[in-house]
Amino acid sequence: MADANNFDVIVVGGGPGGYVCAIRAAQLGLKTAVVERDKLGGICLNWGCIPTKALLRSSEIWHLMHRLNEFGFSGENFKFDLAKIVARSRAVSKQLSDGIGFLMKKHKVTVIAGEATLAGKGKLSVTKDGKATDYAAKNIVLATGARARTLPGLEPDGKLVWTYREAMVPETFPKSLLVVGSGAIGIEFASFYRTLGAEVTVVEVLDRVLPVEDEEISALAAKAFAKQGMKLKTGTTVTELKKGADNVTATLKDKAGKTEQVTVDRVILAMGIVGNVENIGLEQAGVKVEKTHVVVGKYGETGVDGVWAIGDLAGPPWLAHKAMHEGVIVAEKIAGVKGVHPLNTTNVPGCTYCWPQVASVGLTEAKAKESGRKIKVGKFPFIGNGKAIALGEPEGLIKTVFDAETGELLGVHMIGAEVTELIQGYVVAKTGELTDKELAHTIFPHPTLSEMMHEAVLAADGAALHI
Amino acid sequence: MATNILMPALSPTMEEGKLAKWLVKEGDTVKSGTILAEIETDKATMEFEAVDEGIIGKILVPEGSEGVKVNAPIAVLLEEGESADAVPAAKPDIPAAMKDIGDAVKAEANKPAVAPAPQPVAAAKAPAPQPVAAAKAPAPAEDGKRIFASPLARRIAASKGIDLASLSGSGPRGRIVKADVESAKPAAARPAAAAPAAAGGAGIPGVAPLPDARLLYPEGSYEEIPHDSMRKAIAKRLTSAKTLIPHYYLTVDCNLDALMAVREKMNAAAPKGKDKAPAYKLSVNDFIVKASAMALVKHPEVNASWTDTAILRHKNADVGVAVALDFGLITPIVFKAETKGLVQISNEIKELAARAREKKLKPSEYEGGGFSVSNLGMFGIKNFTSIINPPQSCIIAVGAGEERPIVKDGKIEVATVMTVTMSADHRVVDGSTGARFLSTLKQFIEEPASMLL
């Protein structure tokens with residue numbers, strides 16, 4: 001085989017897990033390639049995390065424009081141009097995707113366009129436009145990501161029934177919207193469209209919105225969303241979607257079995273994701289698949305010599321930063337770096353960029369209690385923070401959960417302005433195994449929202465100063 | 001495929017051992033059951049058998065190597081047809097392997113060269129190695145070398161009584177993290193044993209804690225008697241005393257003939273009250289307490305306490321008397337015993353002992369003191385040694401007065417003889433000082449009348 005087609009590492013998939021893995025492998029002196037069938041940056045950068053943040057920024061500005069009076073400005077007859085909002089979002093994605101291309105060049109990572117299939121030990125076949133090319137690699141890292149989950153009867157059609165992909169690039173603004181699923185993806189779209197004025201109904205099969213978050217935070221989020229005019233239907237399923245010419249009539253069924261019908265312009269399906277395990281030759285290679293993800297060891301090893309898996313493909317939590325970290329771990333394992341540590345999922349933060357924002361890390365209060373530990377909980381509301389008041393963002397809460405005996409920080413749950421930017425402080429503390437004492441002794445700058453992080457720690461001992 | 005033969009764990013608590021002797025050599029064919037080597041722990045030497053068959057390709061740890069960690073590769077076993085050259089395993093020089101863990105090496109280097117006895121039995125039989133090892137290898141905290149551990153790991157270690165110096169860290173640059181401390185918890189295997197994670201040695205820098213004894217006995221083969229506060233206090237005080245005070249011992253025999261005669265006369269002369277009970281009944285121990293007080297007056301350097309900056313020489317002879325209780329022991333003090341007569345001393349001791357049995361002593365009645373007397377003569381004990389009762393510096397262990405043949409003026413005679421062994425804190429009382437004191441004490445006991453001089 002030509003030397004040009006022979007690598008130390010080939011990463012299959014150029015999303016956040018894949019491209020980061022490739023960069024790290026290249027940094028460690030490995031001859032590396034990354035195979036991508038679409039655009040570098042994957043869903044995250046092109047159809048997920050990044051473009052939605054651009055959209056949500058627009059809706060945030062729209063929201064603030066309607067509060068101009070409060071801040072001493074005046075203005076009226078505000079309009080938004082949907083095409084421009086979408087165009088900006090796409091431009092942001094393109095800029096960053098191009099940036100990944102540049103990073104690949106900088107680190108001398110070969111980018112192979114096409115779809116890859118495992119083709120025997122250390123071999124990979126990449127098909128592009130019907131033409132297959134063979135590659136060899138001592139190590140193959142699978143990072144093919146995931147896609148939206150669909151259920152029978154709840155299939156997207158790209159026109160009236162959307163997934164995140166269509167919801168990201170609307171041509172017309174839907175006056176009414178049904179969002180199926182209240183996880184991060186569903187709630188972010190619900191928040192975006194509601195803020196811009198759509199009638200939004202969110203259906204959640206579980207008994208609360210943002211069901212992976214702490215119950216108290218879920219409840220506060222639900223209250224805030226309801227106040228914004230969002231209709232939340234928890235404990236409810238969608239049994240039928242009946243498409244009209246330019247609308248959809250959905251049949252909703254609650255826990256008691258009561259049904260109702262709602263007619264909306266568009267439906268967004270956000271019922272979770274499934275791993276892209278198909279057409280990469282997993283079965284023939286002997287890679288074990290469970291449900292829709294590849295079964296891996298704690299360092300991403302699949303059990304098949306020289307084949308690794310990371311990111312969404314390797315199972316939850318389905319988060320870009322988790323995938324990136326796994327990419328680094330696998331690259332370092334391959335390079336034989338000493339002292340590589342497996343990923344600790346309880347230290348992986350989660351952020352939802354709805355309005356108000358939600359961020360968390362570690363165990364919820366309920367989970368911490370279930371673990372049988374004696375716990376102590378500290379809470380601090382935004383209303384007690386000077387910066388929050390000055391910003392005009394007095395609503396929100398930070399909640400800390402500690403092991404009462406060891407002072408271990410078990411979990412933190414936040415809702416309110418900018419909490420997605422605050423959570424990292426607690427993640428650092430958790431990763432470094434700081435206890436309540438070190439956090440209490442940390443000096444937080446005044447006036448900042450971060451002071452609430454300090455107060456929420458002090459509150460766990462009944463020692464919060466500003467409440 | 002070539003496989004590594006690993007250092008076996010011969011007991012649940014074994015962490016490392018000595019590869020005493022190889023019984024096979026490179027190139028030997030072995031089968032399951034072949035004795036490969038003799039492995040020595042601090043308790044025993046045991047034979048180590050092969051589990052698989054094959055050829056000894058390479059011996060990685062030479063015989064006589066000490067401190068070989070459990071599960072470290074000690075040899076390579078080849079399958080038929082494999083050559084020793086194909087052996088991939090690097091020579092597992094244990095200290096070298098430790099370098100990978102970065103700073104953990106420093107912590108490791110500070111561990112005592114002699115592994116502390118991991119079993120209470122062994123500790124009782126051979127108490128010497130622990131304090132000696134600890135003294136030779138000062139703890140990292142003391143010599144200024146820092147142990148890298150996360151705050152959470154430190155806190156859990158402190159609450160479980162785990163010595164961080166005994167752990168190697170798995171965190172970044174060998175930092176000790178929560179997982180390391182939790183996996184070090186010896187009681188982890190048995191939830192019932194959650195409370196006392198370590199049986200002793202906790203907190204003594206450089207000394208690994210003793211493992212929980214429960215790990216060494218089958219469940220149900222013992223009854224658990226939870227510690228009461230006195231048991232905890234005894235354990236804490238005496239462990240500190242025996243570990244931290246450099247004890248040495250002096251033994252002397254005392255002829256009690258004269259004392260017995262005086263005592264008989266005095267007791268016979270005791271006035272009787274209305275109920276015909278004598279006003280006092282002097283015991284041999286009362287004489288010993290008085291003699292000790294008088295000897296302390298003559299040798300004030302023994303009546304002293306150690307502090308880091310000075311020796312405190314006490315002005316009164318406050319003599320503690322060990323009193324055995326059903327639930328432990330306590331040492332109430334006869335204050336200013338040098339100023340008190342035998343009858344007063346005797347009655348005071350009786351009264352203190354009675355209140356001790358009812359747990360009604362005030363701390364001021366048993367804390368402090370300058371000297372102690374422990375007497376097991378009533379149980380027929382001939383000779384024993386006591387643990388110093390801090391902050392005091394000396395304690396005498398008094399055996400039974402018994403008829404023994406003695407040589408007097410070249411002739412064998414029978415006399416009532418009692419053996420007294422003094423434990424002394426060498427920081428305060430040097431050998432000759434202790435010996436002079438004991439000689440005076442012997443004189444006062446043998447000739448009670450000389451106390452009047």
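Listed values, structure above:
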read-out: Only Lys, Arg (+1) and Asp, Glu (-1) charged, at Cβ; region A:1-124 dipole about Cα centre in debye; value: 220 debye
read-out: Residues B:TYR248, A:TYR19 arranged by fewest to most Cβ contacts within 10 Å; value: B:TYR248, A:TYR19
read-out: Peptide-level mean, for A:426-437, of C-beta atoms on other protein chains within 10 Å; value: 4
read-out: Charge dipole magnitude, Cβ of K and R +1, D and E -1 - the protein assembly as shown, Cα centre, debye nearest 20; value: 1740 debye
read-out: Distance violations [Cα-Cα > 24 Å] among A:LYS121/A:LYS288; B:LYS242/B:LYS382; A:LYS231/A:LYS379; value: A:LYS231/A:LYS379
read-out: Relative contact order computed over chain A (Cα-Cα under 8 Å; 6+ residues apart), in percent; value: 14 percent
read-out: Inter-centroid distance (Cα atoms) of region B:333-409 relative to region A:203-272, Å; value: 84 Å
read-out: Cα pair count fraction exceeding 55 Å, expressed as % - the protein assembly as shown; value: 38 percent
read-out: In order through region A:65-74: 3J(HN,Hα) via Karplus (6.51 cos²θ - 1.76 cosθ + 1.60), integer Hz, x for Gly, Pro; value: 4, 7, 10, 3, 3, 4, 9, x, 10, 9
read-out: Protection proxy ranking of B:328-339, A:152-163 - average other beta-carbon atoms within 10 Å, highest first; value: B:328-339, A:152-163
read-out: Potential lengthening between A:LEU151 and A:GLU405 on full extension [0.36 nm per residue; Cα-Cα distance subtracted]; value: 86.9 nm
read-out: Beta bridges per DSSP with both ends in region B:238-452, % antiparallel, nearest 5; value: 80 percent
read-out: Kirkwood Rh and Cα Rg combined as Rg/Rh, region A:199-327; value: 1.10
read-out: Antiparallel %, DSSP beta bridges [both residues in the protein assembly as shown], to 5; value: 75 percent
read-out: Packing-based exposure ordering (other Cβ within 10 Å, fewest first) of A:THR400, A:THR448; value: A:THR448, A:THR400
read-out: Taking all pairs of distinct alpha-carbon atoms in region A:161-271, Kirkwood radius in angstrom; value: 13.8 Å
read-out: Karplus (6.51, -1.76, 1.60) ³J(HN,Hα), θ = phi - 60°, over region A:206-221, in Hz, Gly and Pro reported as x; value: 7, 8, 7, 6, 6, x, 7, 7, 4, 4, 5, 5, 3, 5, 5, 5
read-out: Set A:LYS223/A:LYS243; A:LYS233/A:LYS322; A:LYS298/A:LYS322; A:LYS376/A:LYS437 screened for pairs whose C-alpha atoms are more than 21 Å apart; value: A:LYS223/A:LYS243; A:LYS233/A:LYS322
read-out: Radius of gyration and maximum dimension Dmax of region B:262-353, Cα, Å; value: 15.7, 56
read-out: The protein assembly as shown - mean residue ellipticity at 222 nm from DSSP helices (-39,500 (n - 2.57) per run, n ≥ 4, rounded to 500); value: -9000 deg cm²/dmol
read-out: Burial ordering of A:SER191, B:SER240, A:SER360, fewest other beta-carbon atoms within 10 Å first; value: B:SER240, A:SER360, A:SER191
read-out: 10 Å Cβ neighbours from other chains, averaged over peptide A:399-410; value: 2
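No value in this document is a laboratory result; all are computed from the given coordinates. The model shown is predicted, which means the values in this text are computed figures rather than measured ones. Neighbour counts run over all protein chains shown; Cβ positions are idealised from the backbone, glycine included.
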